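**Student:** Quick one: the structure is below, and I'll ask about it shortly.
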């Protein structure tokens, strides 16, 4: 196995244990990836092929019919709902967080410190702990079963981590840069637009990806706050298709594959960005 | 540039603060009030004081849910931490094939808990699911094992599925951590003639201390939020063998329509979350950030 010469702690000649590591790595490859492969293979089977064929082998006659069935049953609409909810939520979360992060970093004030501490404590506040009053609140506001009713609480629960990551990043901007802009008499928004946003761009991209994935995959809010197919989002579409096609596993697997479409595409075309986004600020 | 708080800055803080207050803080306080109500969520409500609290604890609901939550927390840590660490270190190696492995290792990250739950439910389907078919073909077991329907093993099986979902994320963390270990340390060990085991225990593991702390805290706090996967696979069953806190909260509040009892469980969940978050502030590097803040 050719190895890179730059790795100081790796030899050009592989010792015996490296083969063992590779073998164990291959075992994990099977465990981690095979279920996904199974999902993909099954989604390409006919119902009959699923019942009669060997489940662990690729289908003999792969078909795309299941995907067609799913699309004809309104999946595109659910997908669009998810896109709207996710994109609007991300824009609101990142926008609000950037403004707050800027103030937290640039202001020395007790109130601001308290606000930041509250957001820090809010970091590991489970959505589940607040879902009951949120349900009552959204119902009273007349937003039950509407996309806006999903967006508003999603924004609130996206804020803590986003604020933390952006504070971390905005703080790394050298003070001199602020001062030189201040001397030019630049206002807060000029500083934000011409200094903070350009320099914090990598963090803004990562955190947007992270927030998008959180909202895209969120299940509890839509489960509790929506009901009709008009406002159904992708995670609920999976369970409703599963309920509808109980006996038709290939159709369910097609929904599962489609549910991850934006992330699959992002992984194929921008793996580095997606992985960095998934890690958010944790890897720092 | 000034560092005081002016009206413009207050305005800039306002959107985030209002969103958070309205949809996170106020609901939490409201949950405390709801926990004293006898209410089905729609009709008239009645104040019953601590009755929900005593009933949830006396009939064993809360104790059972808390116990299961702690169990799944411990199982999750045991299943996820050592494996993620080894995989992360493996991926940090510079051999080309390891990078290729990594591309596939991270694929589970692309799927939601619901997608993963539904897929594994089919894989584990008793009799003709993938796993039973495979076991049958090699002659192991009855080929009719009800993996998620057996109350003795359901929680352990769930913890394994959750591990399958989250190990890629934690491997990614460990890969990043391991890549930051200076090559010079390994070089020195090599000169001393250290074998890979001693190198791992005397260099890699101690150097990953902070990654281990971060990852462990995420696993522990994350354990409080496992809901989606359990909802789509076992719905807390069979019986109530997998009704951890969030599942129990959902069942009480939205299926049995007892807002009061559900709120009691929600508050227990919130307190557990805040206590764990204080642990985060205490032990992780977030504390450093706070101290930095004061020096701005």
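**Student:** Only one of (1) surrounded by fewer than 20 Cβ atoms within 10 Å (Cβ to Cβ); (2) in contact with a helix residue (DSSP H, G or I) (Cβ under 8 Å, 6 or more places away or on another chain) fails for residue B:100. Which number is that?
**Tutor:** Residue B:100 satisfies every listed condition except (2).
**Student:** Moving to a separate point now. Can you confirm whether segment B:131-138 contains a residue that is touching a residue at least 60 places away in the same chain (Cβ under 8 Å) and within 27 Å of the chain's Cα centre (by Cα)?
**Tutor:** The answer is no; no qualifying residue exists.
**Student:** Hey, another quick one. Among the residues of segment A:158-173, what is the count of those that are within 11 Å of another protein chain (Cβ to nearest Cβ) and assigned to a loop (DSSP other than H, G, I, E, B)?
**Tutor:** Residues that pass the stated criteria total 1.
**Student:** Among the numbered criteria (1) more than 17 Å from the chain's Cα centre (by Cα); (2) closer than 13 Å to residue B:89 by Cα; (3) within 10 Å of another protein chain (Cβ to nearest Cβ), which single criterion is violated by residue B:171?
**Tutor:** Result: residue B:171 passes all but (1).
**Student:** Next question, about the same structure. In segment B:5-26, which residues are loosely packed, with under 14 Cβ neighbours inside 10 Å and within 7 Å of chain A (Cβ to nearest Cβ)?
**Tutor:** Hit for segment B:5-26 is B:8, nothing else.
**Student:** Evaluate segment A:119-129: report whether one residue or more is at pLDDT 95 or above, buried (at least 18 other Cβ atoms within 10 Å of the Cβ) and either at the interface with chain B (Cβ under 7 Å from one of its Cβ atoms) or part of a helix (DSSP H, G or I) (or both).
**Tutor:** Checked segment A:119-129: no residue is at pLDDT 95 or above, buried (at least 18 other Cβ atoms within 10 Å of the Cβ) and either at the interface with chain B (Cβ under 7 Å from one of its Cβ atoms) or part of a helix (DSSP H, G or I) (or both).
**Student:** Within segment A:197-213, can one find any residue that is buried (at least 21 other Cβ atoms within 10 Å of the Cβ) and at the interface with chain B (Cβ under 10 Å from one of its Cβ atoms)?
**Tutor:** yes
**Student:** May I pose another question? Considering only segment B:27-55, state which residues are assigned to a helix (DSSP H, G or I), within 14 Å of chain A (Cβ to nearest Cβ) and surrounded by 16 or more Cβ atoms within 10 Å (Cβ to Cβ).
**Tutor:** B:27, B:28, B:30, B:31, B:34, B:52
**Student:** Is it true that residue B:159 is in contact (Cβ under 8 Å) with a residue 12 or more places away in the chain and more than 11 Å from chain A (Cβ to nearest Cβ)?
**Tutor:** yes
**Student:** Got at least one residue in segment A:247-257 being at pLDDT 95 or above, under 24 Å from residue B:102 (Cβ atoms) and facing chain B (nearest Cβ under 10 Å)?
**Tutor:** Yes; the residues of segment A:247-257 include at least one that is at pLDDT 95 or above, under 24 Å from residue B:102 (Cβ atoms) and facing chain B (nearest Cβ under 10 Å).
**Student:** Among the residues of segment B:242-283, write down those that are at pLDDT below 90, more than 10 Å from chain A (Cβ to nearest Cβ) and under 19 Å from the mean Cα position of the chain (by Cα).
**Tutor:** Of everything in segment B:242-283, just one residue is at pLDDT below 90, more than 10 Å from chain A (Cβ to nearest Cβ) and under 19 Å from the mean Cα position of the chain (by Cα), namely B:283.
**Student:** Select from segment A:42-71 the residues that are free of Cβ contacts under 8 Å to residues at least 24 places away in the same chain and closer than 17 Å to residue B:119 by Cβ and list them in ascending order.
**Tutor:** The answer is A:55, A:56, A:58, A:59.
**Student:** If we scan segment B:114-126, do we find a residue that is within 10 Å of chain A (Cβ to nearest Cβ), surrounded by fewer than 22 Cβ atoms within 10 Å (Cβ to Cβ), on the phi < 0 side of the Ramachandran plot and not in a helix (DSSP H, G or I)?
**Tutor:** yes
**Student:** Let me ask something else. Within segment B:138-158, can one find any residue that is at negative phi, crowded, with 23+ Cβ neighbours inside 10 Å and assigned to a helix (DSSP H, G or I)?
**Tutor:** Within segment B:138-158 (the criterion being at negative phi, crowded, with 23+ Cβ neighbours inside 10 Å and assigned to a helix (DSSP H, G or I)), the answer is yes, since at least one residue qualifies.
**Student:** If residue A:181 satisfies all but one of (1) part of a helix (DSSP H, G or I); (2) under 25 Å from residue A:84 (Cα atoms), what's the number of the condition it fails?
**Tutor:** Residue A:181 satisfies every listed condition except (2).
**Student:** Yes or no: residue A:52 at pLDDT below 95, surrounded by fewer than 14 Cβ atoms within 10 Å (Cβ to Cβ), under 20 Å from residue B:123 (Cβ atoms) and over 23 Å from the mean Cα position of the chain (by Cα)?
**Tutor:** Yes: the conditions hold for residue A:52.
**Student:** When you scan segment A:27-41, how many residues do you find that are in contact with a helix residue (DSSP H, G or I) (Cβ under 7 Å, 6 or more places away or on another chain) and free of Cβ contacts under 8 Å to residues at least 24 places away in the same chain?
**Tutor:** 7
**Student:** Right, here's the next one. So residue A:176 ticks every box in (1) over 27 Å from residue B:178 (Cβ atoms); (2) in a helix (DSSP H, G or I); (3) under 24 Å from the mean Cα position of the chain (by Cα) but one. Which box is left unticked?
**Tutor:** Result: residue A:176 fails condition (3) only.
Here's the yes/no breakdown for (1) in contact with a helix residue (DSSP H, G or I) (Cβ under 9 Å, 6 or more places away or on another chain); (2) outside the structural domain of residue A:211 (by TED's automatic domain parsing); (3) touching a residue at least 40 places away in the same chain (Cβ under 8 Å):
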| position | (1), (2), (3) |
| --- | --- |
| A:160 | yes, no, yes |
| A:164 | yes, no, yes |
| A:178 | yes, no, yes |
| A:183 | no, no, no |
| A:186 | yes, no, no |
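**Student:** Turning to a different aspect of this structure: From the residues in segment B:94-113 that are in contact (Cβ under 8 Å) with a residue 12 or more places away in the chain and assigned to a helix (DSSP H, G or I), which one is nearest to residue A:222 (Cα to Cα)?
**Tutor:** Among those that are in contact (Cβ under 8 Å) with a residue 12 or more places away in the chain and assigned to a helix (DSSP H, G or I), it is B:113.
Matching residues to (1) closer than 24 Å to residue B:108 by Cα; (2) at pLDDT 95 or above; (3) outside any helix (DSSP H, G or I):
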| site | (1), (2), (3) |
| --- | --- |
| A:185 | no, no, yes |
| A:189 | no, no, no |
| A:193 | no, no, no |
| A:197 | no, no, no |
| A:205 | yes, no, no |
| A:211 | yes, yes, no |
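The values are calculated or read from the model by the stated rules, or taken from the named source; none is laboratory data. In this text, all values refer to a predicted model and were calculated from it rather than measured experimentally. Methodologically, a virtual Cβ is constructed for each residue, glycine included, from the backbone with ideal geometry; neighbour enumeration extends over all protein chains shown.
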